[in-house]
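Take a look at the structure set out below.
The values are calculated or read from the model by the stated rules, or taken from the named source; none is laboratory data. For clarity, every value in this text was computed on a predicted model and none was experimentally measured. So basically every Cβ, Gly included, is an ideal-geometry build from the backbone, and we count neighbours across all protein chains shown. For accessibility, only protein heavy atoms count, side chains too; no ligands or nucleic acids. Shrake-Rupley method; radii C 1.70, N 1.55, O 1.52, S 1.80 Å.
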Amino acid sequence: MKQAKTNAMRILDKEKIDYTMLTYRTDDGKIDGISVAQKIGREAGVVYKTLVSQGTSRAYYVFVIPVEAELDLKKAAKVVGEKKIEMIAVKDITAVTGYVRGGCSPVGMKKLFPTVIDSRAEQMERIIVSGGNIGVQIELAVDGLLKATKGRLADVSTLPTA
């Protein structure tokens, strides 16, 4: 089954940013990051999830963090200069980003929101993020993702203690 290009891929093509499309089956309903990493045969540490939050100023922010990590709301708020940030409601994801839950790419949202990629990505050449559709991931260089999102790196996540 050939996968159509997503908005995220069209933007990467236009910006001449190299990426690899990875697809996975979704018929089992498992679309969480850890399951996706297993399905595409990659370590969870290189697969990142896209989270959208809103600050007390009502501005939206995008955070790209490892799938096994949790967004540290205090660190994240400080990084973007907000007193406080909260995750947006799942029901609002499509209206705000243009993407559906489980297929929200940091590239190609309705608007270019301030984007922060967790600093753990600095140690990697390439990371994997949603390709803009459930069942589609894209692997690309960290600097390519920074360029496409006009993002920056910062420490915004914590790994849960086992």
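Candidates (1) 16.5; (2) 17.9; (3) 15.7; which is the computed Kirkwood radius over Cα pairs in Å? Label (3) holds the value from this structure.
Where does the chain land at 222 nm, in deg cm²/dmol rounded to the nearest 500, when only DSSP H runs of n ≥ 4 count, each adding -39500 (n - 2.57), divided by all residues? Walk me through the intermediate numbers first.
On the way: 5 runs with 36 residues, N = 162.
So the helix-based figure for the chain works out to -5500 deg cm²/dmol.
When you count the other C-beta atoms within 10 angstrom of each residue and take the mean per peptide, 12-21, 118-127 line up highest first as 118-127, 12-21.
In the chain, the DSSP beta bridges split such that about 75 percent are antiparallel, to the nearest 5. Each peptide in 76-86, 41-51 receives the mean, over its residues, of other Cβ atoms within 10 Å, and ordering these scores from highest gives 41-51, 76-86. Surface exposure of the range 45-162, expressed per residue as accessible area with a 1.4 Å probe, stands at 47 Å².
Nearest-5 percent of antiparallel DSSP beta bridges in the range 34-118?
Values: 10 of 13 bridges.
Once the DSSP bridges in the range 34-118 are tallied, antiparallel ones form about 75 percent.
Surface composition of the range 70-141: carbon and sulfur make up 52 percent of the accessible area, probe 1.4 Å. Considering only protein heavy atoms and a probe of 1.4 Å, how much of the accessible area of the range 1-40 is carbon and sulfur, as a whole percent? C and S fraction of accessible area: 51 percent.
Pull up the DSSP beta bridges for the range 70-162 and report the antiparallel fraction as a percent, rounded to 5.
Working: 8 of 11 bridges.
Around 75 percent antiparallel, to the nearest 5.
In whole angstrom, the range 1-86 maps to an equivalent ellipsoid with semi-axes of 28, 18, 12, each derived as √(5λ) from the alpha carbon gyration tensor and ordered largest first.
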